[in-house]
């Protein structure tokens with residue numbers, strides 16, 4: 001269904017100046033309390049209007065008996081009251097002239113009350129407003145200091161937007177973003193996707209100035225074909241990573257042909273993702289790893305990956321995983337190999353994966369990476385540092401940062417293997433735009449995402 | 001001018017059939033410019049008079065029989081002199097083995113030369129619509145499930161990529177001194193099947209199995225088409 005007004009309504013919903021919380025409460029155990037509390041605590045700068053017919057004021061804010069009695073414009077209404085009262089709250093919100101509603105309340109299609117849910121969508125569509133949910137955690141927008149949800153805090157600030165079908169994951173992942181310093185612009189929980197699903201979110205995010213990379217946690221789609229069409233366009237501008245859980249739902253229809261039965265056991269989602277440039281991720285960690293790499297580094301414009309390491313074992317692991325992830329290491333051209341040979345220790349190996357050996361210093365990394373990144377054959381680099389007794393990881397990281405700056409067109413991904421000693425180095429790398437991972441496997445998986453994205457851009461002529 | 005593919009589809013649907021008969025499926029393939037061996041449909045009771053030379057393959061044509069060889073409904077390597085007798089015997093055998101099946105006639109087909117057997121198929125996913133599969137015949141598909149998929153319609157470069165993507169690709173690219181198979185001919189069939197899926201929503205599923213690949217060209221030897229409303 002086409003809703004040309006929705007993008008604008010959604011924008012207002014994600015960046016409101018005033019919010020009404022229907023079901024605001026003084027009891028800390030109620031979600032209606034949490035939402036008001038979080039808005040205040042996390043510094044929302046717009047106006048907050050608690051709606052509760054049994055309260056005069058909530059957390060120092062004047063409470064209103066109904067949304068229509070608020071003497072101001074309201075951009076967004078949060079609805080956190082029992083399911084049977086939601087329709088009336090929506091009606092009031094529409095009367096008030098809101099741009100969007102966030103229906104936190106659960107107990108709709110997910111428990112078989114699909115007709116009631118459809119009725120909400122009919123009402124919202126008729127009024128031309130955005131409807132998020134039902135059954136959502138809410139919206140977290142770091143670029144608007146807005147925690148319009150019952151997540152305990154805003155995520156770490158950045159330029160990745162995550163859209164999740166699971167609300168519980170949204171709550172858990174907020175903490176994760178802080179622990180792993182993965183910056184989000186927004187986290188949007190889309191719950192039952194009655195009106196706003198992945199398709200609508202992508203249409204909005206395509207032009208959202210605060211979003212540079214998109215991460216999806218997906219269990220199902222409303223309309224697979226439409227998703228592919230929209231994602232294909234959005235992917236041309238911003239990388240999309242999708243963590244897909246569950247398998248293609250082929251329905252109960254028994255396949256009559258051979259092809260039908262074959263299709264039943266492959267992951268058609270991966271086929272669809274490939275068609276639309278969406279990078280598939282396998283699990284949460286992989287999803288964030290890939291989103292981060294795509295966010296920080298340019299796409300890899302060809303299959304020629306070079307691994308540079310100071311430890312042979314880590315290099316072999318990297319080659320193994322490179323093959324597994326569809327990016328097998330190839331022999332470098334003779335001239336490059338010769339140049340590398342001249343630059344490294346006689347005990348090292350100038351062949352891909354290049355082994356600098358354990359006594360490689362900052363200067364050695366710089367010299368070899370400079371040669372590798374300068375060579376037109378090379379499309380991308382995974383640099384590995386295994387903490388060695390005689391070298392300082394911070395020094396190495398600093399060297400990597402300086403050399404990557406000199407070659408901005410080609411992606412470099414780092415793996416730092418070690419304990420506490422490498423953590424400052426990791427921060428330095430990350431703060432300077434270099435994705436860094438604690439294992440060669442994760443670094444190579446991230447590189448494969450850059451390759452897949454580059455390949456997609458190539459395919460669509462970009 | 002009426003579209004021959006539409007006529008085949010609507011004829012079957014109007015007769016309440018969900019699967020096209022052998023010769024109708026071949027006709028549909030030909031109309032879509034998918035190469036097939038020469039063939040002749042001989043209605044029950046009439047004399048088989050193919051205008052192409054033997055050896056022939058005979059196949060029973062019946063809306064009620066799916067697994068033809070299980071009821072003795074397939075005969076291979078038939079010469080010109082034996083044709084009429086063999087057709088008669090084939091019908092008798094099937095009547096004995098499947099007494100309740102309605103028999104429409106017999107398909108007489110030019111026997112295809114040996115080549116690499118591949119499969120190209122179409123199915124419809126409730127989420128993603130028409131999807132095309134490619135794989136190598138026999139154990140590669142049956143046991144290893146070595147198949148590549150794309151959403152239809154498929155541009156020719158993607159079709160080539162699909163072929164290269166299967167693990168058994170080596171067999172097509174010239175294995176143990178055999179000449180390489182005509183990848184472009186296979187890719188062309190993939191593209192055409194994908195266009196059928198895109199253009200004709202009534203085609204629910206389609207199997208070309210085998211699509212035999214040769215050093216030059218490819219032939220759709222067995223075509224099955226399942227329709228829906």
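What follows draws every value from the coordinates through simple rules; no lab data is involved. In this text the structure is predicted, and so the values were computed from the model without any measurement. Note: ideal-geometry Cβ built from the backbone for every residue, glycine included; neighbour counts use all protein chains shown.
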Just how far, in whole angstrom, is region A:164-178 from region B:203-220 if you go by their alpha carbon centroids? 48
Taking chain A and dividing mean pair separation by its residue count, relative contact order in percent (alpha carbons under 8 Å, at least six apart): 11
Once every Cα of region B:38-111 carries one equal point scatterer and solvent is ignored, give the base-10 log of I(q)/I(0) from the Debye formula at q = 0.18, 0.23 Å⁻¹, two decimals. -0.60, -0.97
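Nearest 5 percent is fine: what portion of the DSSP beta bridges confined to the protein assembly as shown is antiparallel? Let's see the in-between values first.
On the way: 52 of 103 bridges.
Of those bridges, close to 50 percent are antiparallel.
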Equivalent ellipsoid semi-axes, region A:55-110, via Cα gyration tensor eigenvalues times 5, rooted, Å: 20, 14, 10
Under 8 Å for C-alpha pairs, at least 6 residues apart: give me the relative contact order for chain B, rounded to a whole percent. 22
Relative contact order, percent, region A:337-380 [alpha-carbon distance under 8 Å, six or more residues apart]: 32
Most to least packed among A:341-349, B:200-208, A:85-93, A:393-401 [average Cβ atoms within 10 Å]: B:200-208, A:393-401, A:85-93, A:341-349
Which of B:193, B:71 comes first, and how do the rest follow, when ranked by fewest Cβ neighbours within 10 Å? B:71, B:193
Square roots of five times the C-alpha gyration tensor eigenvalues of region A:274-410, ordered largest first and given in whole Å, equal 25, 17, 15
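Enter the mean number of other protein chain beta carbons within 10 Å of the beta carbon of each residue in B:128-136, as an integer.
5
Sort B:60, A:81 so that the residue with the fewest other Cβ atoms within 10 Å of its own Cβ comes first and the one with the most comes last. Mind dumping the intermediate values first?
Details: B:60 28, A:81 22.
By the 10 Å Cβ count, ascending: A:81, B:60.
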For region A:298-459, give the share of DSSP beta bridges that are antiparallel, in percent and rounded to the nearest 5; count only bridges with both residues there. 5
Could you tell me the center-to-center distance, by alpha carbons, between region A:373-390 and region B:140-162 in angstrom? 35
For the pair residue B:176 and residue B:113, what calculated FRET efficiency results from E = 1/(1 + (r/R0)^6), where r is the Cβ-Cβ distance and R0 = 22 Å, to the nearest 0.05? 0.75
Grab the DSSP H runs of chain B that are 4 residues or longer, score each as -39,500 (n - 2.57), total them, divide by all residues and round the 222 nm result to the nearest 500 deg cm²/dmol. -9000 deg cm²/dmol
Run the quick spin-label model on residue B:15 and residue A:8: label points 7 Å from Cα toward the beta carbon, then report their separation in nm to one decimal. 5.7
What list do you get for A:355, B:188, B:81 if you sort them by fewest beta carbons within 10 Å? B:81, B:188, A:355
Over the Cα atoms of chain B, compute the convex hull volume and normalise it per residue, giving Å³. 143
Nearest 10 degrees, 0 to 90: helix B:83-97 Cα axis against chain B principal axis: 90
Where a ≥ b ≥ c are the square roots of the eigenvalues of the C-alpha gyration tensor, would you call region A:1-154 rounded, which needs a/c under 1.5, or, failing that, prolate if a/b is larger than b/c, or oblate? rounded
Residue A:370/residue A:330 FRET efficiency (R0 30 Å; Cβ-Cβ; nearest 0.05): 0.90
Could you tell me how many degrees, from 0 to 90 and to the nearest 10, lie between the Cα long axis of helix A:312-324 and the main elongation axis, the longest principal axis, of the Cα atoms of chain A? 50
How far, in degrees from 0 to 90, does helix A:86-96 lean away from the longest principal axis of the Cα atoms of chain A, to the nearest 10? 90
Simple spin-label model, 7 Å along Cα-to-Cβ: residue A:57 to residue B:229 in nm? 6.5
Post the alpha-carbon centroid distance, region B:84-109 to region B:179-199, in whole angstrom. 33
For n ≥ 4 DSSP H runs only, could you compute -39500 (n - 2.57) per run for chain A, divide by its residues and tell me the 222 nm figure to the nearest 500? -12500 deg cm²/dmol
Going by a ≥ b ≥ c, the root eigenvalues of the Cα gyration tensor, does region A:337-444 fall in the rounded group (a/c under 1.5), the prolate group (a/b larger than b/c) or the oblate group? oblate
Yeah, the protein assembly as shown with a ≥ b ≥ c from its alpha-carbon gyration tensor (a/c under 1.5 is rounded, else prolate when a/b outruns b/c, oblate otherwise) is oblate
